[in-house]
Amino acid sequence: MSRPPRSSTSPSLGATHPHLAMRVINISENYKGISKGFYSFISPANYRKALHRDYGCNYFCDGILSSMLIGLALKQRLPRLSFDFSSLADQVFSECNDCKLRILLVGGTDEESTSVCNFLQVKYPYATFSSQDGYPKDGFSAGYLEDLYMMSRENHVVILSLGSPLQEMVGHSLVTQGFKGTIFTSGAFISQLSLSGMKPYFPKWTNYLHLRFAWRLYKEPHTRKRFKSVFAFPARLLFDITIHRVSFRVTT
């Protein structure tokens, strides 16, 4: 499916860390239910982006490699978590359904976001879903971010499916403007769910064998440029911890 090009206008947000010295990254030990805050996911593909800019979020470890190596640095076991139906998505939406919460989905094309919104509304009938596509005509301008904040104020939970680092930038903007609810980033969740016909995007064997990244390389050719980051991640992490004194802090 061809997608409309994203405007080059995007938020430039978050405190920069050009030299990385003494950078501390907050790691959430595990998902413990809906709580107010801004949550994202750290993986070999977006690890360096997370280092260079502080978006004020807590990270879950997405990918077996990041959960193993960051867990090793913290001297504790960390689970692999991601926002999809093989991991956190059903837990989050089920809790929203039980508590009759309002959820705003942001991402994908207009067709994708609408179809996913309708699907989730049927699946979780006591929650209330609304959607906004991830390709605004004038880009992620200050005016658009203000409008998105006004939409978010009507909701308890916002799911940002915009890809990294754009979704972290937008989440940071919502929090800075005063959003007090819960934000989850979700990568390509909306597009993947739509493209898979509302079925789980990742086959079960990819979860058992920890080969989700390989499935994405196969299904999404544009992600193949990230391939090298997976293999470079262990060396980069070791270098940053020993030379730049980057550290990780578990949050509850």
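The values are calculated or read from the model by the stated rules, or taken from the named source; none is laboratory data. Everything quoted here is computed from the prediction, not taken from an experiment. Using ideal geometry, Cβ is built from the backbone for each residue, glycine included, and neighbour counts are taken over all protein chains shown.
Here are a few things to note about the model shown:
- Residue check for A73: in a helix (DSSP H, G or I), under 13 Å from the mean Cα position of the chain (by Cα) and under 24 Å from R245 (Cβ atoms): no
- Subset of the stretch 143-185 [in a helix (DSSP H, G or I) and among the β-branched types (V, I, T)]: V170, V175, T176
- Filter result (part of a loop (DSSP other than H, G, I, E, B) and either within 22 Å of R216 (Cβ to Cβ) or hydrophobic (A, V, I, L, M, F, W, C) (or both)) within the stretch 35-70: S43, P44, A45, N46, C57, D62, G63
- Residue within the stretch 42-54 that is farther than 24 Å from Y201 by Cβ, touching a Ser or Thr at 6+ places or on another chain (Cβ under 9 Å) and of a type outside the set (K, R) present: yes
- The listed residue being in contact with a Cys (Cβ under 9 Å, 6 or more places away or on another chain) and in contact (Cβ under 8 Å) with a residue 60 or more places away in the chain, out of L105, L88, L81: L105
- Residue, nearest to M150 (Cα to Cα), within the stretch 78-110, restricted to residues that are among the acidic types (D, E) and more than 17 Å from the chain's Cα centre (by Cα): D110
- Residues in the stretch 102-144 that are among the aliphatic types (A, V, I, L, M) and buried (at least 21 other Cβ atoms within 10 Å of the Cβ): I103, L104, L105, V106, V116, L120, A127.
- Cβ-Cβ contacts under 7 Å between residues 6 or more apart (or on different chains), taken from a first residue in the stretch 35-61 that is in contact (Cβ under 8 Å) with a residue 24 or more places away in the chain and β-branched (V, I, T) to a second residue that is surrounded by 22 or more Cβ atoms within 10 Å (Cβ to Cβ) and part of a strand (DSSP E or B), are listed as I42/Y59; I42/C61.
- From the list Y144, Y201, the one residue that fits, being free of Cβ contacts under 8 Å to residues at least 24 places away in the same chain, within 25 Å of E111 (Cβ to Cβ) and of a type outside the set (D, E, K, R), is Y144.
- Filtered residues of the stretch 231-252 (kept if β-branched (V, I, T) and modelled with pLDDT of 80 or more): I241, T242, I243, V246, V250, T251
- Cβ-Cβ distances below 7 Å connect the following pairs, each with a first residue in the stretch 19-32 that is part of a strand (DSSP E or B), a second residue that is at pLDDT 85 or above and among the β-branched types (V, I, T), and a separation of six or more residues or different chains: I27/I70; I27/V250.
- Subset of the stretch 186-216 that is part of a loop (DSSP other than H, G, I, E, B) and aromatic (F, W, Y) - its residue that is surrounded by the most Cβ atoms within 10 Å (Cβ to Cβ): Y201
- When the test is whether a residue is in a helix (DSSP H, G or I), hydroxyl-bearing (S, T, Y) and within 17 Å of the chain's Cα centre (by Cα), S113 passes it.
- Residue tally, condition over 17 Å from L211 (Cβ atoms) and in contact with an Asp or Glu (Cβ under 8 Å, 6 or more places away or on another chain), over the stretch 65-80: 2
- Considering the conditions (1) acidic (D, E); (2) surrounded by 22 or more Cβ atoms within 10 Å (Cβ to Cβ); (3) closer than 24 Å to L237 by Cα, E29 is excluded by exactly one of them, (2).
- Cross-chain or 6+ apart pairs with Cβ under 8 Å, the stretch 212-223 first and without any contact (Cβ under 8 Å) to a residue 60 or more places away in the chain and at negative phi, then surrounded by fewer than 16 Cβ atoms within 10 Å (Cβ to Cβ) and not in a helix (DSSP H, G or I): W215/P203
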